[in-house]
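No lab work stands behind these numbers, since they all come straight from the coordinates. Just so we're clear, the structure is a prediction, and the values are computed from it rather than from any experiment. As a convention, Cβ positions derive from the backbone with ideal geometry for all residues, glycine included, and neighbour counts pool all protein chains shown.
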Amino acid sequence: MKAQIKTLDGGIAKDIELPELFSEEYRPDLIKKAVMALQSKRRQPHGTNPFAGICSSAVGWGSGRGSSHVPRIKNGSRAAKVPQAKGGREAHPPKVAKILIKEINQKEKQKAFRSAVAASISADLIRGRGHNFDGAVPVILEDKFESLSRTQDVIKALTTAGVYHDVERSKESKKVRPGRGKMRGRRFKQRKSLLIVTSELPLRAARNLSGVDVVTVDQLNVEHLAPGMLAGRLTVWTEGAVIRLEGR
């Protein structure tokens, strides 16, 4: 499979043979499993003390007193220990011992990565995610793109490549989250936009663009290519990144 390498001014520099992993079959089941395994490693275990709420002298009075059989504080009548009592134990508390990390086989993980990379050059899957772009995919730019140091120059190159509409779509999608989540450090929701993959260093000049993620080939993982477990993210590659990708 061949693809064209575009210059920063919109011309065509040359054709390149894409690595074999761009021809991998589409496996949404493995992609979902791999993304869930990645996300599970970010969860922080939390739980209560196993003895919380039950460190008390309370015992039941037994039958014949005309009272319920709940444990009651000695030298008093206040109920304790049980979930319905003030200061009692929680009915089903979170437990630290719960296994939060989901496992995935190494070969499944590798196949999921290759499948997500292949999905990034499928125009139907990309449009199915809601991305806006003009022209054909994949979008591969010459290595000069990695040396751009001004955000204005990056915007100009992305506009020429026909993918900057997607950044504007992401910028317009920023909205306040409904519900109490907005009070917990997640006030805004915003759609994902471009993924820019470079060979050596991340493109710092593109970090402030709305919804854009900037990574190198070595940092690239399944979650970058399939945010929300849905593959087909609009991706901008550099020539060096595509060449280095063949070794992964």
Review point. Just for the chain, what percent of DSSP beta bridges are antiparallel, to the closest 5?
Key: 45
**Study point:** Furthest towards positive pole of dipole, S170, P138, V217, structure part the chain, Cβ charges
**Key:** S170
Exercise for review: Report the local net charge at F133: Lys and Arg +1, Asp and Glu -1, summed over other residues whose C-beta lies under 12 Å from its C-beta.
Suggested key: +1
Study note, to complete from the structure: Relative contact order in percent for segment 91-248 (Cα pairs under 8 Å, 6+ apart) equals 28
Review point. Residue by residue, what Karplus-based ³J(HN,Hα) values in Hz, rounded to whole numbers, does segment 87-99 have, using 6.51, -1.76 and 1.60 with θ = phi - 60° and x for Gly and Pro?
Key: x, x, 5, 7, 5, 9, x, x, 10, 5, 6, 5, 7
Review point. log10 I(q)/I(0), Debye, Cα-only segment 157-217, no solvent, q = 0.16 Å⁻¹?
Key: -0.60
Study note, to complete from the structure: Here, segment 57-148 modelled as identical Cα point scatterers in vacuum has Debye log10 I(q)/I(0) at q = 0.12, 0.13, 0.14, 0.22 Å⁻¹ of -0.67, -0.72, -0.78, -1.09
Study note, to complete from the structure: Computed about the Cα centre, the charge dipole of the chain from +1 Lys/Arg and -1 Asp/Glu charges at the Cβ has a magnitude in debye, to the nearest 20, of 2580
Review point. Taking only DSSP H segments of four or more residues, each worth -39500 (n - 2.57), what value at 222 nm results for the chain once the sum is divided by all its residues, to the nearest 500 deg cm²/dmol?
Key: -7500 deg cm²/dmol
Practice item. Could you work out which residue, out of T48, T160, T216, moves most in a Gaussian network model of the chain, that is, has the largest mean-square fluctuation with Cα springs under 10 Å? Key: T48
**Study point:** Modelled label reach - Q110, point 7 Å along Cα→Cβ, segment 185-210 residues with backbone N closer than 11 Å
**Key:** none
Revision key, fill the gap. Share (percent) of C-alpha pair distances in the chain greater than 26 Å works out to 53
Practice item. Measure up K107/K192; K32/K111; K41/K102; K6/K156 against 19 Å on the Cα-Cα distance and list the ones that go over. Key: K107/K192
Check your understanding: Among V137, V82, what is the fewest-to-most ranking by other Cβ atoms within 10 Å?
Key -> V82, V137
Study note, to complete from the structure: So, with points 7 Å from each Cα along the Cβ direction, the T160-D9 label distance in nm works out to 0.7
